[in-house]
Amino acid sequence: MSTASRHIDAAPGADLIKRGIADLSAGKETAEALLVSIGATRLRSVGLKPPSPIESPEHKLYLLLAREQGDAGHSAYNALIRRLVSFERTAQCAT
């Protein structure tokens, strides 16, 4: 495993990204799969290979979280987006 791969694996949010890629590969529309769909272009730019993204992932993620968490859905959406951006930035620095 390369040093860059180890840094990416240890990056904040790596657990979400790995689950999201696995869920997308399995055809599941989970919060993690939607998150990976949102970040698919940047994830590819750092060497990851997410499957084809789900269409309208931002809207679908927001609706999923609102359905699961009610009024807290907005905060959960923002927290997930922050984790995605943090992961992307860390992965960019590691490559």
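The values are calculated or read from the model by the stated rules, or taken from the named source; none is laboratory data. Since this is a predicted model, take the numbers as computed values, not measurements. Cβ coordinates were reconstructed from backbone atoms using ideal geometry, including for glycine residues, and neighbour counts include every protein chain displayed. We work out accessible area using only protein heavy atoms, side chains counted, and drop any ligands, DNA or RNA first. Shrake-Rupley method; radii C 1.70, N 1.55, O 1.52, S 1.80 Å.
Points to keep in mind about this one:
- Here the gap between Asp71 and Ser25, fully extended at 0.36 nm per residue and compared with their Cα-Cα distance, gives a gain of 13.5 nm.
- Ligands, DNA and RNA are left out, and with a 1.4 angstrom probe the accessible area of the chain is 57 Å² per residue.
- P(r) tail, the chain: Cα-Cα pairs separated by more than 24 Å, 17% of all pairs.
- Spin-label model, Arg89 to His59: label points 7 Å out along the Cα-to-beta-carbon direction sit 2.9 nm apart.
- Computed over the chain, relative contact order equals 35 percent, with contacts defined as Cα pairs under 8 Å that lie 6+ residues apart.
- When the helices of the chain are scored as -39500 (n - 2.57) per DSSP H run of n ≥ 4 and the total is divided over every residue, the value at 222 nm lands at -22500 deg cm²/dmol.
- Within straight-line reach of Lys18, meaning a Cα separation under 18 Å, sit the following lysines at least 8 residues removed in sequence or on another chain: Lys28, Lys49.
- Residue-wise HN-Hα couplings along the range 36-53, as the Karplus relation 6.51 cos²θ - 1.76 cosθ + 1.60 with θ = phi - 60° gives them from phi, are 5, 4, 4, x, 3, 5, 5, 5, 5, 5, 9, x, 7, 10, x, x, 3, x Hz; Gly and Pro carry x.
- Excluding exposed DSSP-loop GluC sites (Glu not before Pro) (at most 16 other C-beta within 10 Å), longest clean stretch of the chain: 56-95
- Radius of gyration and maximum dimension Dmax of the range 29-71, Cα, Å: 11.3, 36
- Ordering 35-42, 71-78, 20-27 by mean Cβ neighbour count within 10 Å, with the highest value first, yields 35-42, 20-27, 71-78.
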